[in-house]
1. Quick one: P(r) of the range 121-253 from all Cα-Cα pairs, 10 Å bins, percents rounded to integers, in order of increasing distance.
2. Thinking of the range 324-444 as a set of Cα atoms, what percent of all their pairs are more than 17 Å apart?
3. Using Cβ counts within 10 Å as a stand-in for footprinting exposure, how do 402, 340 rank, fewest first?
4. Given N residues in the chain, what is Rg(Cα) / (2.2 N^0.38 Å)?
5. In a Debye calculation with equal point scatterers on the alpha-carbon sites of the range 412-466 and no solvent, what is log10 I(q)/I(0) at q = 0.20, 0.22, 0.29 Å⁻¹?
6. Report the semi-axes of the equivalent ellipsoid for the range 398-503 in whole Å, largest first, where each axis is √(5λ) for an eigenvalue λ of the Cα gyration tensor.
7. Charges only on Cβ, +1 for Lys and Arg, -1 for Asp and Glu: so what's the dipole of the chain about the Cα centre, in debye to the nearest 20?
8. For the chain, calculate the relative contact order in percent as a whole number, restricting contacts to Cα pairs under 8 Å that are 6 or more residues apart.
Amino acid sequence: MPPLNWWLLAIPITAVAFVLRIGVHAGREPGGVDSWYYLAFADAIRRRPSLDVRLPQYLLQDERQSYPPLFPSMLALLPAPLLRRCFWLVSPVLDCLHLLLLYFVAYRLTASIAVAGLAACCYAFTPQTVSDTRSLASRPFGALLTSLALVVLLKATVSGGSVVLLGAAVVAGAAVFLASAALAAAYGFVCAVLTFWFGDPRYLGVALGGVLAAFVLSGGHYARVVRNYAHAVQYWRRNRGRFGGHPVFDSPIYGDPDRPAPAASGFLGGTGFLGATALQQTLRLLGENPFLLALPLVHRELAPWSARLQVWAIALSVFSVVATLLPPLRAFGPGRSYMKAAIFPTAYTLASAIGSLRGLRTPVGGATLACLGFSSGAIWFFWSYVRARATEQTAATPPDLKRAIEALRALPTGGVFVLPYMYADYVCYNAERPVLWGGHSGDLRRFELLAPVIARPLPDLFREYGVRYALVDRNYVDPAQLGLTSAPLTVWGSFELIEVAGS
């Protein structure tokens, strides 16, 4: 019989994890990049419950949304006033539930409170789980569903589960496919590797069954989700040479013609994908999950559950690194997107290999402790970096931006152009104005007129899409470089609100 207090250790670890995830907001108003898009998505579902969600306020994307619908549908179940006040808590809470799932699984498999606690600590201090919860996003939700789906699948295969369990695994897999494109790709990849490694076709069969179930359960909407992912891949392939570019400084219209191309070549040269070289991206990958460095020290597991969790961890870790290093695969997203699904099995594998507090003296135990120390430093660096940024705030809402939006709401109607782009969703949601932005859904050929670099004169875009105002952060770019020379209607700190109609 397990001790009655086996779960007590999970309480302080979860509390520490929660504080780590909300600490970046201390003393500031929470914000985020994707938060406002998901709030708008949830509001639309709440007004008209359906998967046929339309957001006409985004001028450079398809009106009908084709993002995976499960996460915003879950948000729509929450009362609107509560969600609006507490949206910034959703991702940390979901991630802490993920931690508790890991603690429960680790204890059930090993009957060791020490192993469960070590696994939970590794998860709590993985920098990526901290950085990815600073905003309202689908990734923590998708990662939780991925781990749950794979645990159910392993229960159905390793433990001689019934047809009912296999059916539950199919439904859980369908939930992953309807929750997050990147996590769905990670889930499918793990199932394929498990089938290949253990010679069991049920893993891949369940994944394929999950795809079919996603089509059926969504009434065919999942076909739009797949097309949306295909559009995104095509967009990044067309713009591979502009990865990491600045929308103004690297623009063929407004930039410096002598400025080096953003993706100038190679493993070491240029700025590469999302503003970094492949080497820098690899270092960032390891910085977001240093525990990957300890994983090779674990000997091959022979116990059925542990062996499969280890293969799961190694497969996604290798895939994340390969997707970071090979330029063609970067079109599918940064490798760290897939690594999020590897944190759960990596934490379990390391804790299981250590086995007890005495196991911390072994090579894998020492390496894990070193990674834990490095992770703590990486979390502190993340907090400091995010809070010190003068513009492009990824976790907080700048007070001056909030004041500018209050001024904008009092002006006559009209579309808005926003720089930097990451504030466009905030302006759209809080000012209730259409924005010259998109990128969330559908064919992205209109969107690439503006991103990754401005490829068409702004006055032409303003006239075509009914844009009347520009809201520009001078810390990001001087409005004069864009030809916006009119006297601003209002200035709040570094934010200038300019009327551009007829410019």
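Quick note: the coordinates plus some simple rules give every number you see, no bench work behind them. Because the structure is a prediction, the values reported are computed rather than measured. Positions of Cβ are backbone-derived with ideal geometry, glycine not excepted, and every protein chain shown enters the neighbour counts.
1. Histogram of Cα-Cα distances, whole percents per bin: 12, 32, 30, 18, 6, 2, 0.
2. Cα-Cα pairs of the range 324-444 separated by over 17 Å account for 74 percent.
3. Ascending number of Cβ neighbours within 10 Å: 402, 340.
4. 1.00
5. At q = 0.20, 0.22, 0.29 Å⁻¹ the computed log10 ratios are -0.74, -0.89, -1.37.
6. After diagonalising the Cα gyration tensor, the semi-axes are 20, 15, 13 Å.
7. 800
8. For the chain, the relative contact order is 20 percent.
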